[in-house]
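S.K.: What follows is a structure written as structure tokens; I'll ask about it next.
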Amino acid sequence: MSTFHTLADIARAEQDIKKSRFLVVAGAVSDPEAAQAFVAGKGDPGAHHNCWAWRIGQAYRFSDDGEPTGTAGKPILGAIDGQGMDRVAVVVTRWFGGIRLGTGGLVRAYGGTAALCLRGAEKVPLRERVPATLTCVFADLALLQARLAAQEGVEIRDTRFGETGADWTLAVPVERVEAMSRLVSDLTNGRAQLRVDPT
């Protein structure tokens with residue numbers, strides 16, 4: 001299975017194509033809300049077009065922002081996919097320079113500038129993670145929370161409290177599921193359980 005990558009930091013690139021200026025800003029995003037916030041914060045209201053795309057796993061969105069349909073957002077998404085990226089949002093801002101590029105020229109300009117930015121950016125591999133639920137009693141809550149926070153690659157996505165304890169929704173790296181399950185059981189003398197959720 002191929003390893004996808006995300007960005008280590010915010011990446012930028014700039015190109016002038018037939019007097020139009022294209023500025024790309026790309027960054028790592030964790031969920032659709034973060035992606036939409038990134039897009040909203042990185043465009044320039046004074047520019048002619050702020051076109052964008054993002055991908056998070058199977059979820060994706062894109063916008064041509066006034067350019068002809070299919071000439072901006074889709075090519076930007078194509079650049080994300082072509083570079084093997086995931087959990088990434090890309091905004092390409094265009095200041096029109098007076099020379100029309102045509103639909104083919106726009107596709108090449110938006111897709112090419114986005115690809116240029118992503119190719120030159122520092123990337124980090126994304127580990128495949130599976131959803132899991134951890135159920136524990138209140139007595140074990142603080143200990144487990146401290147130990148989970150120290151586990152590399154483990155993400156606490158949600159916490160629901162009941163009458164006797166809590167259920168945590170987690171994302172656990174595939175290769176660490178067994179070790180995490182043992183750790184949880186050992187720390188709590190078998191009181192807490194980690195189970196992988198069906199996807």
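S.K.: Compute the accessible area per residue over the stretch 1-55, keeping the other protein chains in place, probe 1.4 Å, unit Å².
M.R.: Per-residue value: 55 Å².
S.K.: In addition: For the chain, what is the calculated [θ] at 222 nm in deg cm²/dmol (nearest 500), taking -39500 (n - 2.57) for each run of four or more DSSP H residues and dividing by its residue count?
M.R.: -10000 deg cm²/dmol
S.K.: Normalised by the residues of the chain, what does the relative contact order come to in percent, with Cα pairs under 8 Å and at least six apart? Kindly include the intermediate steps, with their values, before the conclusion.
M.R.: Working: 400 pairs, mean separation 44.3, N = 199.
Relative contact order here is 22 percent.
S.K.: Go through the stretch 90-100 residue by residue and turn each phi into a ³J(HN,Hα) via Karplus (6.51, -1.76, 1.60, θ = phi - 60°); whole Hz please, and just put x for glycine and proline.
M.R.: 10, 10, 10, 9, 10, 9, 5, x, x, 10, 6
S.K.: Using alpha-carbon pairs under 8 Å, 6+ residues apart, how would you state the relative contact order of the stretch 31-108 in percent? Before the final figure, lay out each step's value.
M.R.: Values: 114 pairs, mean separation 27.9, N = 78.
Relative contact order, the stretch 31-108: 36 percent.
S.K.: Under 5 Å between amide hydrogens, which residues at least 5 positions from Arg87 or on another chain qualify, with H placed 1.01 Å from N in the peptide plane?
M.R.: The list, which skips near neighbours in sequence, is Arg55, Ile56, Gly57.
S.K.: Follow-up. Which helices count as membrane-span-like in the chain under these terms: full DSSP H, at least 30 Å along the axis by C-alpha, Kyte-Doolittle mean of 1.6 or more?
M.R.: What comes out of the filter, once short or polar helices are dropped, is none.
S.K.: Give me the net charge for the shell around Ile17: Cβ to Cβ below 13 angstrom, other residues only, Lys and Arg +1, Asp and Glu -1.
M.R.: Overall, the nearby charge balance is +4.
S.K.: For the stretch 22-122, which trypsin sites (Lys or Arg not before Pro) pass both filters: DSSP loop (anything but H, G, I, E, B) and at most 15 other C-beta atoms within 10 Å?
M.R.: Here the trypsin sites (Lys or Arg not before Pro) that fit, given the DSSP loop and packing criteria, are Arg100.
S.K.: Kindly sort Ile56, Ile80 by accessible area of their heavy atoms, largest first, with the probe set to 1.4 Å. Could you put the intermediate results ahead of the total?
M.R.: Values: Ile56 25, Ile80 0 Å².
My answer, sorted largest first, is Ile56, Ile80.
S.K.: A further question on this structure: Quick one: Karplus J couplings for the stretch 161-168, per residue in order, coefficients 6.51, -1.76, 1.60, θ = phi - 60°, nearest Hz, x for Gly and Pro?
M.R.: Each residue of the stretch 161-168 in turn: 9, x, 6, 10, x, 9, 10, 9 Hz.
S.K.: For the chain, state what percent of all Cα-Cα pairs lands in each successive 5 Å bin, counting from 0 Å until the bin that includes the largest distance.
M.R.: Using 5 Å bins, I get a P(r) of 1, 8, 15, 16, 13, 10, 9, 8, 7, 6, 4, 2, 1, 0, 0 for the chain.
S.K.: Determine the dipole magnitude for the chain: charges of +1 sit on the beta-carbon of Lys and Arg, -1 on that of Asp and Glu, nothing else is charged, the reference point is the Cα centre, and the result goes in debye to the nearest 20. Don't skip to the answer; put the middle values down first.
M.R.: On the way: 23 positive and 23 negative charges, 147 e Å.
Once rounded to the nearest 20, the dipole reads 700 debye.
S.K.: Could you work out the relative contact order of the stretch 124-185, using alpha carbon pairs under 8 angstrom and six or more residues apart, expressed as a whole percent?
M.R.: About 43 percent, as a whole number.
S.K.: With all protein chains present and a 1.4 Å probe, how do His49, His5 order by accessible area, largest first?
M.R.: His5, His49
S.K.: Another one. Please report the accessible area of Phe38 (heavy atoms, 1.4 Å probe, ligands and nucleic acids excluded) in Å², nearest 10.
M.R.: About 20 Å², ignoring ligands and nucleic acids.
The values are calculated or read from the model by the stated rules, or taken from the named source; none is laboratory data. Quick caveat, the model's predicted, so the values are computed rather than measured. Cβ atoms come from the backbone with ideal geometry, glycine included; neighbour counts cover every protein chain shown. For accessibility, only protein heavy atoms count, side chains too; no ligands or nucleic acids. Shrake-Rupley method; radii C 1.70, N 1.55, O 1.52, S 1.80 Å.
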